[in-house]
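A short worksheet on the structure shown next.
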Amino acid sequence: NRESWEKMGDTMEVDVSDMLEGTSLDVAGERLFQEVLDICDGKMTKAEALREFNAFAINRCGPSV
């Protein structure tokens, strides 16, 4: 979601939260696919740039039921 991207975008590769506002799956998917191609072509991921090679976690930023 947009709030997560604004808070933690420096650690995530792609924001597709605009799908919640009407952006189509095709458009968001193309953005994601292009990011994958760029990384395959040598672009550093955020984790590589931040040197967080061993850090992987899925966290929730708010309450969960």
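The values are calculated or read from the model by the stated rules, or taken from the named source; none is laboratory data. A quick note: this is a predicted structure, and the numbers were derived from the prediction, not measured. Ideal geometry is used to build each Cβ from the backbone, glycine not excepted, and the neighbour counts take in all protein chains shown.
Structural remarks
- For segment 15-22, the criterion of being assigned to a helix (DSSP H, G or I), surrounded by 10 or more Cβ atoms within 10 Å (Cβ to Cβ) and either over 11 Å from the mean Cα position of the chain (by Cα) or free of Cβ contacts under 8 Å to residues at least 12 places away in the same chain (or both) is satisfied by at least one residue.
- Residues satisfying the stated conditions in segment 1-10, i.e. in contact with a helix residue (DSSP H, G or I) (Cβ under 7 Å, 6 or more places away or on another chain), surrounded by fewer than 14 Cβ atoms within 10 Å (Cβ to Cβ) and outside any loop (DSSP other than H, G, I, E, B): Arg2, Asp10
Matching residues to (1) among the basic types (Lys, Arg); (2) modelled with pLDDT of 85 or more; (3) under 23 Å from Arg2 (Cβ atoms):
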site: Glu21; (1), (2), (3): no, yes, yes
site: Arg31; (1), (2), (3): yes, yes, yes
site: Gln34; (1), (2), (3): no, yes, yes
site: Asp38; (1), (2), (3): no, yes, yes
site: Glu48; (1), (2), (3): no, yes, no
site: Ala55; (1), (2), (3): no, no, no
site: Arg60; (1), (2), (3): yes, no, yes
